[in-house]
1. Take the residues of the range 72-104 that are over 21 Å from LYS295 (Cα atoms) and surrounded by fewer than 20 Cβ atoms within 10 Å (Cβ to Cβ): which is farthest from the ligand (Cβ to nearest atom)?
2. Confirm whether ALA186 is among the hydrophobic types (A, V, I, L, M, F, W, C), under 27 Å from LEU291 (Cα atoms) and touching a strand residue (DSSP E or B) at 6+ places or on another chain (Cβ under 9 Å).
3. Does the range 153-160 contain at least one residue that is out of contact with any strand residue (DSSP E or B) (no Cβ under 7 Å at 6 or more places or on another chain), under 24 Å from THR47 (Cβ atoms) and of a type outside the set (A, V, I, L, M, F, W, C)?
4. Report yes if some residue within the range 310-323 is among the aliphatic types (A, V, I, L, M) and at pLDDT 90 or above; otherwise report no.
5. Can you find even one residue in the range 64-82 that is in contact with a Lys or Arg (Cβ under 7 Å, 6 or more places away or on another chain), closer than 17 Å to ALA156 by Cα and not in a strand (DSSP E or B)?
6. Considering only the range 91-176, give the strands (runs of 3 or more DSSP E) lying wholly within it that have at least 3 residues that are in contact with an Asp or Glu (Cβ under 7 Å, 6 or more places away or on another chain).
7. Please indicate, with yes or no, whether at least one residue in the range 165-180 is of a type in the set (Asp, Glu), at pLDDT below 80 and under 23 Å from the mean Cα position of the chain (by Cα).
Amino acid sequence: MPFAKLGLSTPLVQAITELGYNTPTPIQEQAIPAILSGNDLIATAQTGTGKTAAFVLPLLERFSTAGTLRGKRIRALILVPTRELAVQVEASVAQYAKHTRLTSMAMYGGVDTEAQKERLIAGVDILVATPGRLLDLAHQRALHFDELKVLVLDEADRMVDMGFGDDIKKIIDRLPETRQNLLFSATITDDVRALAYDFSDSKMTDLADEINISPNVRAAANIKQWLITVDKDTKSALLSHLINEQAWDQALIFTEKKHNAAKLVAQLEKRGIKADSIHGGRSQAMREMILAQFKTGELKYLVATGVAARGLDIGELSRVVNYDLPFQPEEYIHRIGRTGRAGASGEAISLVDISDFKNLCAIERRLKNTIERKEIADFPVRKAVPASNLNYVKNSNR
Ligand code: AMP
């Protein structure tokens with residue numbers, strides 16, 4: 001089905017055609033008409049499914065005929081969990097709005113507030129913001145919500161996990177009661193549903209449309225997943241070996257903690273492999289610079305914590321490595337979703353030591369299949385990881 005059939009007008013269709021989008025993805029096919037009809041929406045979709053365009057395009061369509069916006073006002077607020085995602089989503093808004101007069105802005109912490117305040121003076125049609133900075137500027141009366149028509153919570157599960165629940169409630173308290181609410185989340189946990197119920201007294205309850213785009217279907221189709229069992233003390237040597245022996249062109253490597261990220265960069269560099277890291281402890285300017293280098297290919301190996309890498313869309317990323325296995329199965333699915341985006345193929349490799357066994361079982365149970373194991377002859381394992389058990393229930397054994 002072509003985009004125009006979904007109810008989008010020429011300036012938008014032209015912009016996305018120029019970006020090479022010919023056919024709507026499943027989430028776009030379902031969400032665009034639902035959002036255009038003005039309904040509230042709860043959608044389950046991970047990044048990589050085309051969900052950003054699924055909510056941005058109908059917003060732009062809806063506002064294309066709107067009147068003049070007053071100063072310090074916004075028409076739509078898109079809340080996102082991280083600075084990187086704010087930058088990325090706003091860049092998509094700007095691309096899709098290219099042939100319209102609609103304006104957009106990314107607002108996030110870690111940078112000076114003055115430039116953001118100045119930008120708000122003329123009003124902004126679509127504001128993409130992280131919760132903390134938004135509240136800060138709202139307190140300072142740098143923006144007002146009386147003309148807001150639509151609220152979008154993007155990656156709602158992640159925002160809840162990161163402890164933004166209270167900030168989001170405070171923001172919602174400031175918004176006009178009559179508005180459209182859209183919630184996108186990789187998973188709809190009880191906490192996410194509770195947040196949806198808090199959206200307002202009458203909305204986002206049984207009235208909302210629900211769309212489910214299963215992340216596993218996509219993950220299974222084009223991302224090759226495998227794991228290597230290893231001893232903890234040989235992990236960095238094994239990773240260096242893989243990078244060199246398999247001549248990896250590129251890898252996004254996840255660690256659990258920021259000090260692990262910095263340590264791994266140092267270990268790789270000792271073996272002559274140039275890498276860099278992004279994590280919560282680095283300045284925003286530094287994170288943006290390193291990410292830009294990774295995107296252009298100038299930097300080949302990027303070590304990142306899950307939070308810092310959340311939602312990143314790195315064009316042709318061919319490989320993701322779980323140097324540390326994540327504690328949450330959902331996080332595993334998010335991470336491997338960094339590769340194989342928009343239908344391209346990719347591989348996801350996890351290094352698993354005996355202490356990861358419980359997490360591995362939980363992940364495989366969530367995937368509903370075991371991950372193929374490989375052994376590397378130069379790295380025999382002293383502490384073997386037991387065979388996978390799909391019936392394993394993580395919490396009951398704690
Ligand atoms: P998202 O899930 O929003 O992070 O989008 C993932 C990637 O898919 C982005 O690089 C988009 O530019 C791309 N994309 C979104 N919609 C389409 C489409 N209909 N056709 C081709 N690529 C798309």
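The values are calculated or read from the model by the stated rules, or taken from the named source; none is laboratory data. Nothing here was measured: the structure is a model prediction, and the numbers come from that model. FYI the Cβ positions are ideal-geometry reconstructions off the backbone, even for glycines, and counts take in every protein chain you see.
1. LYS72
2. yes
3. yes
4. Yes; the residues of the range 310-323 include at least one that is among the aliphatic types (A, V, I, L, M) and at pLDDT 90 or above.
5. yes
6. Because the criterion is at least 3 residues that are in contact with an Asp or Glu (Cβ under 7 Å, 6 or more places away or on another chain), the strands (runs of 3 or more DSSP E) in the range 91-176 that meet it are 104-107.
7. No, the conditions are met nowhere in the range 165-180.
Per-residue answers, yes or no, for (1) under 18 Å from GLU90 (Cα atoms); (2) surrounded by fewer than 20 Cβ atoms within 10 Å (Cβ to Cβ):
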| position | (1), (2) |
| --- | --- |
| GLY110 | yes, yes |
| ALA122 | yes, yes |
| ALA129 | yes, no |
| GLN140 | no, yes |
| ASP154 | yes, no |
| ASP157 | no, no |
| VAL160 | no, no |
